[in-house]
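First up is the structure itself, then whatever we jot down about it.
The values are calculated or read from the model by the stated rules, or taken from the named source; none is laboratory data. Given the structure is predicted, the values throughout are model-derived calculations rather than measurements. All Cβ positions, glycine included, derive from the backbone under ideal geometry; neighbour counts span all protein chains shown. Accessible surface areas use protein heavy atoms only, side chains included; no ligands, DNA or RNA. Shrake-Rupley method; radii C 1.70, N 1.55, O 1.52, S 1.80 Å.
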Amino acid sequence: MLKTATFAALTVALAAGTAQADDYHRRDHAATAPQPISEVTAAAGGTTVGTVSKVAATWFTLSDGRDQVDVTTKGFLPEGLQPGQQITVTGSMRHGAIHARQIIRDDGMAFGRGEMRRERHHDDD
């Protein structure tokens, strides 16, 4: 009986810890002053500036000259994104990559969930 109660208590404690860890990594980081990639990864999110080094369908690799990190998106990549471009990324860390909430190209064009929502509202006018 004692083993069962201890196991149940341990299971509940582990589940609570997992939920808190998941909540921490799912925080939606607001845009702030850009920081080095190492600081953004340590803080589990934020804003960073770097140069695109590799582009795939829904992700790319960003380098700040010292560190690099993969950046993932949910269904959007800025049109024409190419290696060598400097961009700003705001997002939170998930599975070792920045999950982008917003991407701003060097020409000032912003892409992200907020920008796409605003576009839809303007289309309704």
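Looking only at residues in segment 101-117 that are open to solvent by 50 Å² or more (accessible area, probe 1.4 Å) and without any contact (Cβ under 8 Å) to a residue 12 or more places away in the chain, the one that is farthest from Thr32 (Cα to Cα) is Arg117. The set of residues in segment 75-100 that are open to solvent by less than 30 Å² (accessible area, probe 1.4 Å) and more than 13 Å from Val52 (Cα to Cα) comprises Phe76, Thr90, Gly91, Ser92, Met93, Ala97, Ile98, His99, Ala100. Give segment 57-101 a look and list any residue that's more than 12 Å from Gly112 (Cβ to Cβ) and out of contact with any strand residue (DSSP E or B) (no Cβ under 9 Å at 6 or more places or on another chain), or say none. Residues satisfying the conditions are Ala57, Arg66. For first residues located in segment 72-85 and without any contact (Cβ under 8 Å) to a residue 60 or more places away in the chain and within 17 Å of Thr61 (Cβ to Cβ), partners that are open to solvent by less than 60 Å² (accessible area, probe 1.4 Å) and basic (Lys, Arg) and lie 6+ apart or on another chain with Cβ distances below 6 Å form the pairs Pro78/Arg105. In the set (1) open to solvent by less than 40 Å² (accessible area, probe 1.4 Å); (2) not in a loop (DSSP other than H, G, I, E, B), the condition left unmet by Val49 is number (1).
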